[in-house]
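S.K.: Quick one: the structure is below, questions incoming.
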Amino acid sequence: MENHLTGTHRAPRRRAWRLGTSALAAALCAAAVALGVAPAALARSYSDVPKAYWDRADIAWVTNQGPASARALNDYGRLFKPRQAVTREQFARALVVLGGLQGTRVAPVTVPDLPASDPYAPYVQIALGLHLLAQFKDGFHPTEAMQSWQVDSGAVRLVRRLNPQADWSMLSALNPATWEPVATWKTGAPRYLATEVAARYLGLRYNHPSGSDALEVSPREKIDRAEVAAVLYRARHLSSWSVAGLAEYDHVTLPTLTARQKQIVAFALTYIGYPYVWGGEYPSTDSPYGTQAHGGFDCSGFDWWVMKMHFGYTVNERVAAAMAGAAKPRITRARLVPGDLIFFGPKGPKSTVASIYHAALYLGNGWFIQSTGSLDGVGLSSISSDSWWKHDFAWGRRLLKKGEFAPAVAAPPAS
């Protein structure tokens, strides 16, 4: 639910990762058994990972995988170094080991900055051969720190490797280099759009509690080893039904857009993968309205950032319920146009203003962009699919002026 003092979204989640440590460990073991994954005993411990550490169970499981001489992310002996950035060679080995791919034969490639004698070299070769990772023009950069989006991309590609029967068309369908949601128009979205949408949908990212929002990571920031362990644990404990749900993103199209609507859609998409931050309304820590723990957005904060702070529309309210209460008239589902604010409540259109718990930005044809704890940040969702988003959609609010939007077009039926 949203806290109406801060405008932060706490909607129900499809994957309940925010459990206590003991409950989390039990749930993870149960999930591993259900998926046919042998749950290694949580025996590995590190002197720099205390018992109360936020993902100690994830770290213990991940670092128990693989042969004793080359366990995943077990790169420093008795230390784990949770806040240290993960390097590209460390991540390559972790991907290969966690996928059980150590014995895979691949065509060797030249890696000019990593000699064959390096202990990480065989794993880098496999990661490159299976397209889990890629080289730069001048080499692999083995000791360079991974950025957050790169880890998400590698994790998604590992999940794809382990679930070849699933429909993975969305990875090519949402490739910004070719994706045209409107004929002849490309959005200019970040190159990681498809894998970031997938990672967020699959629940690969951990949403830190409000008191720990400083630990959140934006897509182009370096990501630390503890965060990577959390991502990789989730990548190896997904259900087949959650992976199958990615097919929802195979055909993301939008209706006819005006020049202003294209500007709004393109700008909003640049923030795909930014983290969910309690009270967040700015992409960096310092906003005109005060300091926040990390750059990122809560639900209404994202709408505030895009529509008020960037495009200058009149939005005098900051929290979702207040924004929804100012909708006059209330825009029905059939009359929504790209650029409308949309709101969600437990009784759909019959919800009271006080019960509105979430706000998002409508893109068209049922698609909307939102920042929510269930995605740990900004991602794409739909109110056309058979989901609780569809059930809880309450109403919309029009900010665009006459001439800035095309007439509403009914969204295509859900597939």
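The values are calculated or read from the model by the stated rules, or taken from the named source; none is laboratory data. Everything numeric in this text was worked out from a predicted model, so none of it was measured. A quick note on method: Cβ atoms are made from the backbone with ideal geometry, for glycine too, and the neighbour counts reach across all protein chains shown. Note: accessible area is taken over every heavy atom of the protein model, side chains too, but ligands, DNA and RNA are not part of it. Shrake-Rupley method; radii C 1.70, N 1.55, O 1.52, S 1.80 Å.
S.K.: Report the one residue of A214, P164, S239 whose Cα lies farthest in the direction of the positive end of the charge dipole of the stretch 134-254 (charges on C-beta: Lys and Arg +1, Asp and Glu -1; origin at the Cα centre).
M.R.: P164
S.K.: Take the alpha carbon atoms of the stretch 354-374, find their center, do the same for the stretch 266-325, and report the distance between the two centers in whole angstrom.
M.R.: 13
S.K.: Using a 1.4 angstrom probe on heavy atoms only, work out the carbon and sulfur share of the accessible area of the chain in %.
M.R.: 55
S.K.: For the chain, what is the mean residue ellipticity at 222 nm derived from helices alone (per DSSP H run of n ≥ 4: -39500 (n - 2.57); sum divided by total residues; nearest 500 deg cm²/dmol)?
M.R.: Result for the chain, helices only: -7500 deg cm²/dmol.
S.K.: Then there's this: On average, how much accessible surface per residue is there in the chain, in Å², for a 1.4 Å probe, leaving out ligands, DNA and RNA?
M.R.: 41
S.K.: Shifting gears a bit: List, in order, the whole-Hz ³J(HN,Hα) value for each residue of the stretch 91-104 obtained from phi through the Karplus relation with A = 6.51, B = -1.76, C = 1.60 and θ = phi - 60°; use x for Gly and Pro.
M.R.: 5, 4, 5, 4, 4, 5, 5, 5, x, x, 9, 4, x, 5
S.K.: Turning to a different aspect of this structure: Rounded to whole Hz and in sequence order, give me ³J(HN,Hα) for the stretch 331-336 from the Karplus expression 6.51 cos²θ - 1.76 cosθ + 1.60, θ = phi - 60°, writing x for Gly and Pro.
M.R.: 8, 6, 4, 5, 9, 5
S.K.: Continuing with this model, one more query. Could you tell me which trypsin sites (Lys or Arg not before Pro) in the stretch 75-107 are loop residues by DSSP with no more than 10 other beta carbons within 10 angstrom of their beta carbon?
M.R.: Filter output for the stretch 75-107: R78, R105.
S.K.: Could you work out how far helix 225-235 tilts from the main Cα principal axis of the chain, as a 0 to 90 degree angle to the nearest 10?
M.R.: 80
S.K.: Tell me the angle of helix 21-34 to the major Cα principal axis of the chain, expressed in degrees between 0 and 90 and rounded to the nearest ten.
M.R.: On a 0 to 90 degree scale, this one is about 80.
S.K.: About its Cα centre, how strong a charge dipole does the stretch 299-415 have in debye, to the nearest 20, once Lys and Arg get +1 and Asp and Glu get -1 at the Cβ?
M.R.: With only Lys, Arg, Asp and Glu charged at Cβ, the dipole is about 480 debye.
S.K.: If you fit an axis through the alpha-carbon atoms of helix 193-202 and take the longest principal axis of the Cα set of the chain, what angle between them do you get, 0 to 90°, nearest 10?
M.R.: Long axis of 193-202 versus the principal axis of the chain: about 80 degrees.
S.K.: What ³J(HN,Hα) values, in whole Hz, does the Karplus curve 6.51 cos²θ - 1.76 cosθ + 1.60 give for the stretch 150-160 when θ = phi - 60°, with x put for Gly and Pro?
M.R.: 5, 5, 4, 4, x, 5, 4, 5, 5, 4, 4
S.K.: Distances longer than 24 Å among the Cα atoms of the stretch 93-210: what percent of all pairs is that?
M.R.: It works out to 36 percent of all Cα pairs.
S.K.: What residues have an amide H closer than 5 Å to that of V182, excluding those fewer than 5 places away on the same chain, when H is modeled at 1.01 Å from N in the peptide plane?
M.R.: Residues meeting the criterion, in which the H sits 1.01 Å from N, are L254.
S.K.: Amide H neighbours of L174 under 5 Å, at least 5 residues apart or on other chains, H built in the peptide plane: list them.
M.R.: none
S.K.: In the full protein assembly as shown, how much of R397 is accessible to a 1.4 Å probe, in Å² to the nearest 10?
M.R.: 20
S.K.: Here is a further query. Put +1 on the Cβ of each Lys and Arg and -1 on the Cβ of each Asp and Glu in the stretch 271-371; which of Y276, L361, A324 then has its Cα farthest toward the positive end of the dipole?
M.R.: Working it through, the farthest residue towards the positive pole turns out to be A324.
S.K.: Now for a separate question. How do E404, E216 stack up against each other in accessible area, from largest to smallest, with a 1.4 angstrom probe?
M.R.: Greatest to least solvent exposure: E404, E216.
S.K.: A further question on this structure: Counting Lys and Arg as +1 and Asp and Glu as -1, what is the net charge of the other residues whose Cβ lies under 15 Å from the Cβ of T143?
M.R.: Net of charged neighbours comes to -1.
S.K.: Ok, one more. Note down the magnitude of the dipole of the stretch 84-151 about its Cα centre, charges +1 on Lys and Arg C-beta and -1 on Asp and Glu C-beta and zero elsewhere, to the nearest 20 debye.
M.R.: Roughly 200 debye, rounded to the nearest 20.
S.K.: Another one. Return the label of the correct value of Cα Rg over 2.2 N^0.38 Å, as calculated from the structure shown, out of (i) 1.00; (ii) 0.96; (iii) 1.25.
M.R.: (i)
S.K.: What are the residues whose amide H is under 5 Å from the amide H of Y282, where those residues sit 5 or more places off or on another chain and H is modelled from the backbone?
M.R.: Here the answer is G296, since their amide H atoms fall under 5 Å of that of Y282.
S.K.: Any lysines with Cα under 24 Å of the K81 Cα? List them, leaving off those in the same chain fewer than 8 positions away.
M.R.: Here the lysines satisfying the reach criterion relative to K81 are K51, K222.
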